[in-house]
Amino acid sequence: MSKIKSAIIQMALKGDTTMEPDEIRDKMLEAHIPMIDQAGSEGVQILCFQEVFTQPYFCPSQDNRWYAAAESIPDGHTTRLMQEYAKRYNMVIIAPLYEEAMPGVYYNTAAVIDADGSFLGKYRKTHIPHVAGFWEKFFFKPGASMWPVFTTAYGKIGVYICYDRHFPEGWRALALNGAEVIYNPSATVAGLSQYLWELEQPASAAANGVYIAAINRVGREEPWSIGEFYGSSYFVNPRGQIEAQASPDKDEMLIHEMDMDMVREIRDTWQFFRDRRPETYGSLLDLN
């Protein structure tokens with residue numbers, strides 16, 4: 001039986017939003033490192049953090065001081081540090097970061113690092129919301145990563161970030177490109193979309209025969225009043241069943257073993273890929 005031991009970390013903001021972005025980054029890294037060490041000691045093979053894990057979710061503001069939070073990938077401080085930890089523990093690390101591609105061009109990005117510490121590539125968030133409290137287009141340019149799947153030491157993984165999860169096309173594209181596990185780092189608050197948290201990813205896991213790891217942060221981030229991040233990070237299997245779930249309100253690392261034989265078993269049972277009719281879907285591209 002083929003299994004992957006994975007971990008996901010949900011965490012409240014350390015420090016506060018009056019601090020400089022590099023100070024917040026250092027505090028967030030300081031808080032994560034003991035958990036990374038624990039994951040390494042427990043034999044975790046793939047580790048993923050929450051969306052923009054070194055910073056607050058600053059998108060309720062439209063304050064350009066947060067541009068200073070962006071880092072180069074893979075040459076920035078955090079990616080290089082995560083490469084060291086990946087190599088130390090022979091562990092794949094997915095590090096969601098605020099990326100500066102060049103001055104004035106910023107993305108919401110996940111860096112993917114293999115178990116030997118090598119940089120495999122990145123996924124840039126494709127779908128960018130821009131509504132009250134979530135002014136993401138002020139901070140992020142839409143990515144066009146074309147659904148990369150990363151062949152790691154332990155399996156084929158994809159990444160889909162937060163708001164992306166509302167769009168079924170990306171889940172399908174990642175699965176068709178070979179992903180067996182898809183990680184969805186998020187920053188999601190209680191409100192209109194909370195009931196979707198345990199609906200969309202399980203449905204997408206079942207529709208595509210993949211494991212999905214959904215990661216959310218916890219707590220409130222003042223002075224912004226968009227609500228409380230409700231954690232509840234989880235692993236859902238290719239049947240759409242949640243196998244393990246974290247608390248709604250605590251810093252927590254959730255460790256879980258995924259039975260990868262289930263991917264083949266479910267796809268052989270539910271022949272969704274065989275029975276697709278892509279030749280009939282062309283008109284969808286013409287509907288705007």
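Read-outs: derived from the displayed coordinates by stated rules, not from any lab. It should be emphasised that the depicted structure is a prediction, and the values quoted were computed from it without experimental measurement. In this analysis, Cβ positions are derived from the backbone assuming ideal geometry, glycine residues included, and neighbour counts consider all displayed protein chains.
Values computed for the structure shown
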| quantity | calculated |
| --- | --- |
| Residue check for Gly43: closer than 30 Å to Arg264 by Cα, free of Cβ contacts under 8 Å to residues at least 60 places away in the same chain, surrounded by fewer than 20 Cβ atoms within 10 Å (Cβ to Cβ) and not β-branched (Val, Ile, Thr) | yes |
| Lone unmet requirement of (1) of a type in the set (Phe, Trp, Tyr); (2) over 29 Å from Trp135 (Cα atoms); (3) surrounded by fewer than 20 Cβ atoms within 10 Å (Cβ to Cβ) for Tyr195 | (2) |
| Flag for Leu199 being within 18 Å of Gln241 (Cβ to Cβ) and more than 15 Å from the chain's Cα centre (by Cα) | yes |
| Every pair of residues 6+ apart whose Cβ atoms lie under 7 Å, when the first sits in the stretch 132-161 and is free of Cβ contacts under 8 Å to residues at least 12 places away in the same chain and on the phi > 0 side of the Ramachandran plot while the second is crowded, with 22+ Cβ neighbours inside 10 Å and hydrophobic (A, V, I, L, M, F, W, C) | none |
| Strands (runs of 3 or more DSSP E) fully within the stretch 44-152 counting 3 or more residues that are touching a helix residue (DSSP H, G or I) at 6+ places or on another chain (Cβ under 6 Å), within 24 Å of Gln10 (Cβ to Cβ) and of a type outside the set (A, V, I, L, M) | none |
| Residues of the stretch 233-265 satisfying the condition of being in a loop (DSSP other than H, G, I, E, B), free of Cβ contacts under 8 Å to residues at least 40 places away in the same chain and not basic (Lys, Arg) | Asn237, Pro238, Gly240, Gln241, Ser247, Pro248, Asp249 |
| Residues that are among the polar types (S, T, N, Q) and either more than 25 Å from Asn237 (Cβ to Cβ) or assigned to a helix (DSSP H, G or I) (or both), drawn from the stretch 1-42 | Thr17, Thr18, Gln38, Ser41 |
| Residues of the stretch 210-230 satisfying the condition of being surrounded by 24 or more Cβ atoms within 10 Å (Cβ to Cβ) and either touching a helix residue (DSSP H, G or I) at 6+ places or on another chain (Cβ under 8 Å) or farther than 29 Å from Asn177 by Cα (or both) | Val210, Tyr211, Ile212, Ala214, Phe229 |
| Every residue from the stretch 107-144 that is surrounded by fewer than 17 Cβ atoms within 10 Å (Cβ to Cβ), under 22 Å from Gly76 (Cβ atoms) and of a type in the set (Gly, Ala, Ser) | Ser118, Gly121, Ala144 |
| Filter result (free of Cβ contacts under 8 Å to residues at least 12 places away in the same chain and either among the hydrophobic types (A, V, I, L, M, F, W, C) or in contact with a Leu (Cβ under 6 Å, 6 or more places away or on another chain) (or both)) within the stretch 102-128 | Met102 |
| Residue match in the stretch 191-209 (condition: in contact with a helix residue (DSSP H, G or I) (Cβ under 7 Å, 6 or more places away or on another chain), over 20 Å from Asp268 (Cβ atoms), in a helix (DSSP H, G or I) and without any contact (Cβ under 8 Å) to a residue 60 or more places away in the chain) | yes |
